[in-house]
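Accompanying notes for the structure given below.
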Amino acid sequence: MKKVVITLLVLALLGGGGYGAYYYFFSDSAGSQGRVSSESEDAIYVMTVSAITGYGTGTGVTETYAGEVEAQATIEIKLDSDRTLDECYVKEGDIVEEGQELFSYETQDVEDDIAQAEIEIERDQMEIESNEAQITQNEKLMASATDSDDKTEYYLEILQLQNSNKSLEYEIKSKQLEIESLRETLDESVVTAEMGGIIQSIADVNDSSDSYSSSDSVYITILAEGDYRIKGTVNELNYDDLYEGMPVIVHSRVDSSITWTGSITEISTEQDGSDSDDYYYSYYDSSDTSTYSFYVDLDNADGLLLGQHVYLEEDAGQLEEKTGLWLSEYYIMLEDDAAYVWLANTSNTIEKHEITVGDYDEDLEEYEVLDGLEAEDYIAPLSDTISEGDPVYYYDIAAVTSDDTDDYDDLEYYDADEEGDDDSFYYDVDEEEYYDLDDDDVYYEEDDDDISYYDEDEDGVIYYEED
């Protein structure tokens, strides 16, 4: 799985599509004296080892998704549109137990219907008894009659009475079933909680300005207490990257050092209608695409709050702490019991550089680099199209091309607090623009000269204005 992610990163680099993500996350003054990028179409894109080995730490190279903490289970209770609400026994925020009474329906109409059905059954039974008596009488008269016409008349009356009784018996059975249903309705006049939890919301059914409709609207919503899960959002372009059972790391938005772990248990196939802005960092433009929900069950939810917003990424073992420098096998050539990388040398060309490797991590597909490579070195991923001597393009914000080197002659370096790179930028004398090397949204003001610097559109360009 990691190899696929790295492949996507390389493709993004070669096509320039990953520039924004790299600029945002890895622009830590990587430019070094003497490094000049080539503008040749054949230039090999190289990145610092420090940037490459920062893969998987929630810094933007892996796909990261927005998520929100929600209850593991939610119950939504609607009112019966054929019944009238009588009384509600709970209020929003109440903690209820399974089986606890929530609300009741009015029962007078149901009780009246039961009484009416019982009266009709009693009336039908009396009519059946009367018909039976007439049948007995007609049978006696038919037996004693000597005229055949009289016998026929008694016989037809008996059949008519018998058919009437059958109809009455059917009506009685139907009314008995109706009474049973009404009694069940009566028994269900008090609605209880199917699970324990917190009453999240109760609709106001008496508010004429409310859009509530008992036929299709939820009356009471109960959230399970304590058992949380994460509802994540995925863009359609990355939908197929997820799978049920995929291990996930959950990052706090407030403190990136706080994490939780879990796995995806469900991926919705229905568009959720969320704004695509909910989808976090990606190498794709998601402005006109659909989003879908997926759900993560947590191994431990300690410290999470209901409704808390978090970031999620695939757990590829990146939280395991390692000592030393570990580099993906995607950058390492193994030939004749030796290991090599494609290294950008001081002549700004690519060379096949030998390194010494140690242990191999099968899960992360990484080698420990023991010697021959430093964090500030620039390297390229393996490719059949690379040859020694190829020109290079340094993929970081501080690198300059051969055609714009002269432009830096007109740049003055500014450091607002004189503490290094955290708020440094360059001032272009000719263009009167300020270039922020870190994209850290520098805000700086010189009271004496009434000059303020600000990042107008968050593109790393710092403008100034004089009052």
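The values are calculated or read from the model by the stated rules, or taken from the named source; none is laboratory data. For clarity, every value in this text was computed on a predicted model and none was experimentally measured. As a convention, Cβ positions derive from the backbone with ideal geometry for all residues, glycine included, and neighbour counts pool all protein chains shown. These area figures cover heavy atoms from the full protein model, side chains too; ligands, DNA and RNA do not enter into them. Shrake-Rupley method; radii C 1.70, N 1.55, O 1.52, S 1.80 Å.
Gain in length, GLN125 to LYS352, computed as 0.36 nm per residue apart minus the alpha-carbon separation, to one decimal in nm? Before the final figure, lay out each step's value.
Values: separation 227, 0.36 × 227 = 81.72 nm, distance 10.40 nm.
Additional length available on full extension: 71.3 nm.
Among GLN116, SER148, SER167, whose Cα projects farthest towards the positive end of the dipole of the range 90-221, with charges put on the beta-carbon of Lys, Arg (+1) and Asp, Glu (-1)?
The listed residue farthest towards the positive side: SER148.
Round to the nearest 10 and report in Å² the accessible area of THR269, as given by a 1.4 Å probe over the protein chains' heavy atoms.
In the full protein context, THR269 sits at about 110 Å².
Using a 7 Å offset from the Cα along the Cα-to-Cβ direction at both GLU270 and ASP337, what is the distance between the two label points in nm, to one decimal?
6.4
On full extension of the chain, what length is gained from SER217 through ASN163, given 0.36 nm per residue of separation minus the C-alpha to C-alpha distance? Let's see the in-between values first.
On the way: separation 54, 0.36 × 54 = 19.44 nm, distance 4.83 nm.
Full extension from SER217 to ASN163 adds 14.6 nm.
For ASP80 and SER104 in the same chain, what is the full-extension length gain: residue separation times 0.36 nm, less their Cα-Cα distance, in nm? Please list the in-between numbers first.
Details: separation 24, 0.36 × 24 = 8.64 nm, distance 1.09 nm.
Value of the extension gain: 7.5 nm.
Taking amide H positions as placed in the peptide plane 1.01 Å from N, state which residues far from ALA73 in sequence (5 or more) or on other chains have amide H under 5 Å from it.
ALA224
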